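Read-outs throughout are calculated quantities, based only on the coordinates presented, and are distinct from any laboratory measurement. Quick caveat, the model's predicted, so the values are computed rather than measured. Don't worry about glycine lacking a Cβ; one is built from the backbone with ideal geometry, like all the others, and counts go over all protein chains shown.
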Amino acid sequence: RTLTGLYLSLATLLVLLVYVLDFGHYSYLGQRLSATVFRFAGNADISTRMLWESYPVVWISLGWLALTAAFVSLLYKTANITLDRPRRQPIRPLPAIAGIALVGALGLLGMLGRVDNINPENPVPLRWSDAFFSGNAAVGALGLNPVTFIYDTHRIPPDKYDVAELGRHYDTVAHYLSVEAPDPATLSMQRTVKPHEHRLPVAQAPNVVFIMLESLGASRSGLFGNPLDPTPALDALAREGWLFRNLHVPVTGTAKTVWASITGIPDAARSESATRNPFISSQHSVINALQGYEKIYAVGGSAAWANMNALVLGSIADVRLYEEGHWRAPNDDVWGISDLNLFRETDAILREQAGKGPFFAYIQTAGNHRPFTIPEDNDGFITSTVPDAEAQKAGFQNTAQFNAVRLLDHNVGRFIEMARAGGYYDNTIFVLFGDHNGRISTLPFMPPAFELLGLESTHVHAMIHAPKLIQPRIIEEAASLVDLMPTVAGMLGLEYDTATMGRDLQHPAPEGERAVPVILREGAFPIIGAVTRKHLLRMNADGSEASMHDLAAGTPLQDISASHPEEFTRLSKLARGLHESARFMMYDNVVGK
């Protein structure tokens, strides 16, 4: 009892101290207490004097100690009353079991921090991102817990970006982004993008629908030579639109793809995904240039996964977020409702909105992911019985994954049929892209470079489909996920300001042969690169061990930098500059910074 009391006393003392400091921190800086408070320890003398001269430290300390004493005294009295009470009769088994079950249930709910929208297969606990449900920073700050917020933020590396390195490559990056007024002193990437001659000649504003295709790398597609032809519906859509044969996501990972597609910035975070960083969760986005558009984000499961809800609500103005708990259909597995039901219910929302005005919708699929669930309600989908060995020859882990890709393709085809029946298909720009690849086995039907150099992870199936608005086109030059939204904005003739990395692919690349950045290995010591249609330049993030490779060669591991010195130098500068710029942009593009 004594040890327990001592523990509770110390815990109460520390927790209340954190709250006292939190009140002062918010009063001083307008921000809730986080791990950044430890920076004041570097100037402890000045920080202490500032506190002493600015606040009634003595009175605050006395109040803190008095409140601690009162709370601990109350705990002791309550515990003593309970423990000293004589036991009147033995506890019967049934009440004991009921009591244990009740306490266990309350404990579980306490750990989750929520009582609704709980998926038993994936019980997502309350996270800091849930505080930002409104998209309002002040309301979000009110909902944060300073104790857990310090823990969440202490994992963020203190070195955000290298200013000196960024300065050395600023001119290269400013030219790459067509910055009108480069300023090495401020490292500004700000520019105004104006309407151009490639805008669509339409009288009515087209709708825009982004569809993120879970784990759909280019090697999954029949158009890229997969011998099992698992994506006939998607391939048919691509033939009627713009097919990007060399589009890369900047780095693998669903949360990182959501980040890049919304912000236009590669997720260059060294530890966890950028969506998990509360300091940068609210970003400027080209999506907000869609004035007069209703904005909708739909995901079958919990948007709190990887704290993506904070990014969505904080970066897309007036967005309507539909997630687990909003849908009529029951959950099918850990990822929420099936993709087919996600498409069905989103289609109903879009049909209603189409009669009111233009809309932007972002649909995030999840079915092509373990456990590869094939729901009973699948609208006529027939599973394949191809043996595992044959599926593995086509780049799949097993037949289950092969069928999951086929089901994703089937569901997208059904959604396009719904859009046609709903009357909004003809006036909608559909942007479909894989979030990353998910290969385990080999890819004998792809050029060796993709497997041997690790590019199969970032090389995804991507297209813009709008047959009533654009002519079919195959785009061979390299492109990036971050370019998709600026390209759509150019098609719509929008004018907007941006300081991010995305570029309109209808404009010629200022750097010559178009190059895009990739991160081939994440972590504290990443391997980065710059990819063109023909070459990959890869190096360590500090610039060491740089090499250049021919993507069409039978021996792609051979370093060809010596035989192409000018291209090697050009891509080396771009790889270093774009990577460091991405790290900078993640903080520079924050709303209200």
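Our summary of shape: the Cα atoms of segment 297-437 have principal axis extents of 50, 35, 26 Å, ordered from largest down, in whole angstrom. Mean separation of Cα pairs under 8 Å and 6 or more residues apart, divided by the residue count, gives the chain a relative contact order of 20 percent.
Applying 1/(1 + (r/R0)^6) with r as the Cβ-Cβ distance of V163 and A141 and R0 = 30 angstrom yields a FRET efficiency of 0.60.
Fewest neighbouring Cβ atoms within 10 Å first, the residues V312, V72, V488 line up as V72, V488, V312. For segment 206-504, relative contact order (Cα pairs under 8 Å, six or more residues apart, normalised by length) works out to 36 percent. Ordered by the count of other Cβ atoms within 10 Å of each Cβ, fewest first, L3, L14, L469 give L3, L14, L469. A Förster radius of 22 Å combined with the Cβ-Cβ distance from T192 to D318 puts the calculated FRET efficiency at roughly 0.40. Here's the picture: charge each Lys and Arg Cβ at +1 and each Asp and Glu Cβ at -1 in segment 357-457, and of T385, N398, P447 the one pushed furthest to the positive end of that dipole is P447. Available extension along the chain between L14 and L67 is 17.9 nm, counting 0.36 nm per residue and deducting the alpha carbon span. Along the charge dipole of segment 271-358, pointing to its positive end and built from +1/-1 on Cβ of Lys, Arg, Asp and Glu, which listed residue (M308, S338, L350) has its Cα farthest out? Of the listed residues, the answer is L350. FRET efficiency for the H175 to A400 pair, using the beta carbon distance and R₀ = 60 Å, is estimated at 0.80. Axis angle, to the nearest 10 degrees, between helix 254-263 and the longest C-alpha principal axis of the chain: 80 degrees.
Over all orientations, the chain has a Cα convex hull whose mean projected area works out to 33.6 square nanometres. With Cα atoms defining each centre, segment 450-500 and segment 258-318 are spaced 18 Å apart in the structure. Simple rule: put +1 on each Lys or Arg Cβ and -1 on each Asp or Glu Cβ in segment 193-332, find the dipole, and look at W327, S221, Q283; the Cα lying farthest toward the positive end is Q283. Put in line by how crowded their Cβ is, counting other Cβ atoms within 10 Å and starting with the fewest, E522, E456 read E522, E456.
Using Cβ point charges alone (K and R +1, D and E -1), the dipole size of the chain about the Cα centre works out to roughly 1660 debye.
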